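Shown next, in structure tokens, is the structure this report addresses.
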Amino acid sequence: MLKVGIVGATGYGGEELIRLLLSHPEVEITVLAAKMEGEKLSISEIFPAFEGKIDLPCSDLDIEKMAADSELVFLALPHKVSMEMAARFLSLGKKVIDFSADYRFNEAQIYEEWYEVKHTRKELLKEAVYGLPELNREEIKQARLIANPGCYPTSVILGAAPLVSRGLVDPENIIADSKTGVSGAGRWPGKGFHFGEIQENFKAYKVAGHRHQPEMEEQLGRLAREKTRITFTPHLAPMKRGILSTIYMNLKKKESPEELRQIYKDFYEDEPFVRITEPDKFPETKDVWGSNYCHIGFKVDERAGRAIVISAIDNLIKGASGQAVQNMNIMWGFEEDEGLDHLGPRP
Ligand SMILES: NC(=O)c1ccc[n+]([C@@H]2O[C@H](COP(=O)([O-])OP(=O)(O)OC[C@H]3O[C@@H](n4cnc5c(N)ncnc54)[C@H](OP(=O)(O)O)[C@@H]3O)[C@@H](O)[C@H]2O)c1
């Protein structure tokens, strides 16, 4: 059995990760930690749904203890918090899957500019692998440090990758319009993310300034092998979970819907967690709720010469914890869908 530790076990990502790993036949969760400020509670006191399934204590992080009791550590932590912790676990011979943005960029400069903090472990940026299995499966197999992708980038990159990688669209003129459920902001969201602000409301936020924008540009730029520019507008929808991204890309030449469909089918042919919807059927967040699937549908706007691609994921599963489990499965040579081969309830 693979022994794993989880830091950030009390957050949304941590909770979902525990839930997924409990049904994984090859994994044993051995240590749980969070910012407990001296308190030590059983995880089933924090999340009563886990009673009888897992009763491990959750306390402040003791790095040496977690490293002694686990081979792989998941860091489901805010950015900046993971940076030093990841480095410490690596130095103790452990592998790390980090949920934060701390190791997602190749160059520290972009991270420092967008996250407004100095990167203190630049030497690890080249080694870290961007954990999007559909693009980087071979590198993930060998990795010690996985930078689990952001939720919006997962939906946008998967939606755009087949066309961008084939050079069929203008990479400097991509528009991504995304909507998220409120769990995307974590369990303790800031002002403007509470129930009273969200219900019966729909709004854009961080217009032309969201931190996931450079992450999408870096990954799609690698695929395009040229500079990529995205105008990204996130919206907050009155729902708990789910991301729906609508991506507009200018086609370089006329492509029929059938040709595009074949390109998407070929690109994702062997992917266990990407589904292309039937013509004129478009993904809905309800269809992927609680599952590790990404559904992608599209339409060609022949009049405007644009491809309109719509992708849906569950932000907490394919956008975070499910993707982390998928990465773990690849790193350890387990079946890629182990612990993930289920559909969530339709809300
Ligand atoms: N939510 C999503 O949809 C989503 C999707 C993709 C990626 N992510 C990324 O995943 C990470 C976690 O997100 P989340 O939504 O799970 O956040 P969250 O609900 O706010 O949980 C954060 C967790 O980190 C713990 N923590 C904070 N500071 C700590 C410290 N100094 N030492 C130890 N533990 C500490 C918190 O502990 P306490 O509860 O004790 O404070 C909590 O368990 C973030 O980097 C986020 O950007 C989230």
Theoretical ellipticity at 222 nm over the chain - DSSP helices of four or more residues, -39500 (n - 2.57) apiece, nearest 500: -9000 deg cm²/dmol
Most mobile listed residue (G38, G186, G131) in the chain, GNM with C-alpha springs under 10 Å: G38
Low-density loop positions, trypsin sites (Lys or Arg not before Pro), the stretch 189-274 - DSSP coil, at most 10 other Cβ in 10 Å: K191, K227, K253, K254
Alpha-carbon centroid distance for the pair the stretch 1-30 / the stretch 205-259, whole angstrom: 31
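Which net charge results for the neighbourhood of G181, defined as the other residues with beta-carbon distances under 10 angstrom from its beta-carbon, given Lys and Arg at +1 and Asp and Glu at -1?
Numbers: positive: K179, K240, R241; negative: D314.
Within the 10 Å Cβ shell, the charges total +2.
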E139-V117 pseudo-label distance in nm [points 7 Å out on the Cα-to-Cβ vector]: 2.2
Built amide H within the under 5 Å cut-off of C294, gap 5+: V274, R275
Long-range amide H partners of K252 with built H, under 5 Å: V169, D170
For the stretch 2-127, the spread of Cα positions along each principal axis, largest first, Å: 47, 26, 25
Count of lysine pairs in the stretch 146-277 with Cα separation under 24 Å (8 or more residues apart, or interchain): 16
Prolate/oblate/rounded call for the stretch 65-214, Cα gyration tensor, a/c under 1.5 rounded: oblate
Beta bridges by DSSP in the chain, antiparallel share as percent, to the nearest 5: 45
Length added when fully stretched, D60-H342, from 0.36 nm per residue minus Cα-Cα: 98.3 nm
Sequence of Y293, Y264 when ordered by accessible area, the most exposed leading, probe 1.4 angstrom: Y293, Y264
Euclidean distance between Cα centres, the stretch 35-105 to the stretch 166-202, Å: 27
Carbon and sulfur %, accessible surface of the stretch 236-311 computed with the full protein complex present, 1.4 Å: 48
Low-density loop positions, chymotrypsin sites (Phe, Trp or Tyr not before Pro), the stretch 175-214 - DSSP coil, at most 12 other Cβ in 10 Å: F202
Descending Cα extents along the principal axes, the stretch 152-316, whole Å: 47, 30, 29
Directionally averaged shadow of the chain, computed from the convex hull of its alpha-carbon atoms, nm²: 17.1
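Looking at the P(r) of the stretch 277-344, how many percent of alpha-carbon pairs lie beyond 15 Å?
That tail contains 58 percent of the Cα-Cα pairs.
Using a probe radius of 1.4 Å on heavy atoms only, what accessible surface per residue do you get for the stretch 2-127? Whole Å² is fine.
45
Which net charge results when you count Lys and Arg as +1 and Asp and Glu as -1 among the other residues whose beta-carbon is under 10 Å from that of T246?
With Lys, Arg at +1 and Asp, Glu at -1, the neighbours total 0.
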Solvent accessible area, Å² - W289, 1.4 Å probe, full protein context: 60
Inter-label distance for S91 and K126, nm, one decimal - labels placed 7 Å from Cα along Cα-to-Cβ: 2.0
Potential extension, E302-A204 segment - 0.36 nm per residue separation minus Cα distance: 32.5 nm
For the stretch 152-316, share of DSSP beta bridges that run antiparallel, in % to the nearest 5: 70
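Roughly speaking, to the nearest percent, how much of the stretch 2-127's 1.4 Å accessible area is carbon and sulfur?
Numbers: 2810 of 5710 Å².
In the stretch 2-127, the share of accessible area belonging to carbon and sulfur is 49 percent.
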Residues of type lysines that K141 reaches as a straight line, Cα spacing below 23 Å, ignoring anything fewer than 8 places off in the same chain: K3, K94, K95, K122, K126, K318
Surface per residue (accessible, 1.4 Å probe) for the stretch 198-286, Å²: 54
Separation of the E197 and K254 label points, Cα + 7 Å toward Cβ, nm: 4.9
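The values are calculated or read from the model by the stated rules, or taken from the named source; none is laboratory data. This structure is a prediction, so every number in the text was calculated from the model and none was measured. All Cβ positions, even for glycine, are placed from backbone atoms using ideal geometry, and neighbour counts span all protein chains on display. Just the protein is used for accessible areas: all its heavy atoms, side chains included, with ligands, DNA and RNA removed. Shrake-Rupley method; radii C 1.70, N 1.55, O 1.52, S 1.80 Å.
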